[in-house]
Amino acid sequence: QQPVQSPQAVILREGEDAVINCSSSKALYSVHWYRQKHGEAPIFLMILLKGGEQKGHDKISASFNEKKQQSSLYLTASQLSYSGTYFCGTENSGGSNYKLTFGKGTLLTVNP
Amino acid sequence: EAGVTQSPTHLIKTRGQQATLRCSPISGHTSVYWYQQALGLGLQFLLWYDEGEERNRGNFPPRFSGRQFPNYSSELNVNALELEDSALYLCASSRYLAGLTGELFFGEGSRLTVL
C-alpha cells in the first residue's frame, strides 16, 4: 500500500520552515525518509520505528504518530541545499516479508 | 569505499525485446533491492534479494525477474518490454537487519527507454 505524501510540492525562501506529511492506510511498523536531488540517487535521512519517537538530524527532524499512522518531516530554517524531492517509505509489517514502499514524493524548492 | 554501481547507465530497446540491468552492492552488503522510478509515480518496489534468495517482490508481472549472484551482485531482467516499462531503475543495497529494512544506499540508476 503506497503511503500518501502532502503537499506534492512546496516553494520556500531560504530560512523558512516546511512540513512534509506522510500517511498510511495500514498500521505502520517503520517510516523512512529520503531526499533525492535532480539527476542523483536518493539519500537516506532517517528511520523512525513505531513508538512515537522523534528524530533529528541537523535542522531536519521527523515525528512518527503510530496511532494516526502518519509521519511528518520538519525542515527548519531551510537552506538552498535542502532543495530536492523528499520521499517517505513505509513498512507495514516486520519480519522476512517486509518491503519498503515509497510515496510519490514532495518536491521542495528553496529559493534565495 | 565504492558505492552501489549500476550498468548500463542508459539503455534503449524496442517493444517486445528483453533488457538486463546489473547492480554491484557496497562491499559487505548482502541485501539488494530494485525499484522502478517512473515519472510521477515515486519509487515502486520491484524485488528484494538477500543471500542469493528472492525474499519479496512488488506488484509487478512475472516478466520482471532477477537474481543475485554469490558475490551479492544482482541482475534485473525485463522480458517482453512494453512502452510503460520506460523508467529509471534504481538498485539499492543494505546490510541485512532482521525484521527491518535498514538504511538503503542507492545507485544512480539505469535509464531504460522502450520505443
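Does B:Gly28 count as modelled with pLDDT under 95, away from every other protein chain (no Cβ under 13 Å) and out of contact with any helix residue (DSSP H, G or I) (no Cβ under 6 Å at 6 or more places or on another chain)? Yes, satisfied.
Can you find, within the range B:68-115, the residue that is surrounded by the fewest Cβ atoms within 10 Å (Cβ to Cβ) among those that are among the hydrophobic types (A, V, I, L, M, F, W, C) and out of contact with any strand residue (DSSP E or B) (no Cβ under 7 Å at 6 or more places or on another chain)?
This residue is B:Ala98.
Yes/no per residue for (1) within 14 Å of another protein chain (Cβ to nearest Cβ); (2) of a type in the set (Asp, Glu):
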{"residue": "B:Arg67", "(1), (2)": "no, no"}
{"residue": "B:Glu82", "(1), (2)": "no, yes"}
{"residue": "B:Asp85", "(1), (2)": "no, yes"}
{"residue": "B:Ser93", "(1), (2)": "yes, no"}
{"residue": "B:Tyr96", "(1), (2)": "yes, no"}
{"residue": "B:Glu103", "(1), (2)": "yes, yes"}
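Table: residues versus (1) hydrophobic (A, V, I, L, M, F, W, C); (2) within 17 Å of A:Lys59 (Cα to Cα).
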{"position": "A:Gln1", "(1), (2)": "no, no"}
{"position": "A:Arg13", "(1), (2)": "no, yes"}
{"position": "A:Val19", "(1), (2)": "yes, yes"}
{"position": "A:Leu28", "(1), (2)": "yes, no"}
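Candidates are the residues of the range B:44-65 that are of a type in the set (D, E, K, R) and crowded, with 17+ Cβ neighbours inside 10 Å; the one that is nearest to the other protein chains (Cβ to nearest Cβ) is B:Arg55. Cβ-Cβ distance below 7 Å, separation of 6 or more or different chains: which pairs start in the range B:35-61 with a residue that is of a type in the set (Lys, Arg) and end on one that is open to solvent by 30 Å² or more (accessible area, probe 1.4 Å) and assigned to a loop (DSSP other than H, G, I, E, B)? Matching pairs, first to second residue: B:Arg55/A:Ser96. Only a single item in (1) at pLDDT 95 or above; (2) among the aliphatic types (A, V, I, L, M); (3) touching a Phe, Trp or Tyr at 6+ places or on another chain (Cβ under 9 Å) is not met by B:Leu43, and it is number (1).
The values are calculated or read from the model by the stated rules, or taken from the named source; none is laboratory data. Just so you know, these numbers come straight off a predicted model, no measurement behind them. Reconstructed Cβ throughout: ideal geometry from the backbone, glycine too, with neighbour counts over all protein chains shown. Note: areas computed on protein heavy atoms with side chains; ligands, DNA, RNA excluded. Shrake-Rupley method; radii C 1.70, N 1.55, O 1.52, S 1.80 Å.
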